[in-house]
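Okay, structure first, notes after.
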Amino acid sequence: MFDITSYLPGILGAYAILLVAASSPGPAVALLIGIATEQGRTPALVATLGISMGSTTINILTMLGVGIVLSQAAWAVSILRVVGALYLLYLAYGAFRKAIQPTTLKTVESIPRKNSKHFLDGYLLQVTNPKAISFWIAIASIGAVDGATFPIVVAFIVGAFFISFICHGVWALALSLDGVRRGYFAIRRWIEATLGCLFTFFAFRLVTAEPG
């Protein structure tokens, strides 16, 4: 029987945490800034889909117990931190390169990147982020759907996906507006350099921050 009433307090509590986390600026938003201002609305939304799918992957794995295992295995967390930091440094390299050799608005619009690349960028950024894993472990500790039937668990996962997609999608839509894009191309060197610094900073924080 699909009776979700008794689980609503825990689910709403988990969703509230997710809403705040997904709305806050971080590596995912930094990625969307570059994609939305350069490539436009659709690529940014595709990257948003990748980010949301990455979040959903962590959500499912955490509920299956992988997140708990990672929280107890220091070596696994260390490896994940290094992988995530290296990927962020890769993104930083791309941003610094575009700051040094910026493309023109015409070139960006006439030679778009494949949507599969944008999706993969968003997915890999999110799924290799130890902070995102720690966040889902924290949500798991609430026990929002502990003992729930399969339909309720699926409903929780779907709801969490849409919260992540909507929150990041708002960033993607706002950043892809024509006025924002034109403003970006007017000062793109500084924005790309700032993004490079942000990605480098996030990478540094990943490998130096205390586990938690």
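The values are calculated or read from the model by the stated rules, or taken from the named source; none is laboratory data. Here the structure is a predicted model, which is why all the values come from computation and not from measurement. Note that each Cβ is placed from the backbone with ideal geometry, even for glycine, and that neighbours are counted across all protein chains shown.
Residues in the stretch 99-117 that are over 21 Å from residue 42 (Cα atoms) and out of contact with any Lys or Arg (no Cβ under 7 Å at 6 or more places or on another chain) were compared, and the one that is modelled with the lowest pLDDT is 101. For residue 6, indicate whether it is polar (S, T, N, Q) and surrounded by 23 or more Cβ atoms within 10 Å (Cβ to Cβ). Against the criterion (polar (S, T, N, Q) and surrounded by 23 or more Cβ atoms within 10 Å (Cβ to Cβ)), residue 6 does not qualify. Contact map, the stretch 12-36: first residue closer than 16 Å to residue 181 by Cβ and crowded, with 21+ Cβ neighbours inside 10 Å, second residue modelled with pLDDT under 80 and of a type outside the set (Phe, Trp, Tyr), Cβ cut-off under 6 Å, separation 6 or more or different chains; pairs are 34/195. Just checking, which of 150, 156, 161 is modelled with pLDDT of 90 or more, out of contact with any Leu (no Cβ under 7 Å at 6 or more places or on another chain), surrounded by fewer than 20 Cβ atoms within 10 Å (Cβ to Cβ) and not charged (D, E, K, R)? 161 is the lone residue from the list that is modelled with pLDDT of 90 or more, out of contact with any Leu (no Cβ under 7 Å at 6 or more places or on another chain), surrounded by fewer than 20 Cβ atoms within 10 Å (Cβ to Cβ) and not charged (D, E, K, R).
Please verify whether residue 87 is modelled with pLDDT of 85 or more and either of a type outside the set (Gly, Ala, Ser) or over 21 Å from residue 196 (Cα atoms) (or both), treating the condition exactly as stated.
Values: modelled with pLDDT of 85 or more: no; either of a type outside the set (Gly, Ala, Ser) or over 21 Å from residue 196 (Cα atoms) (or both): yes.
So residue 87 does not fit the description; no.
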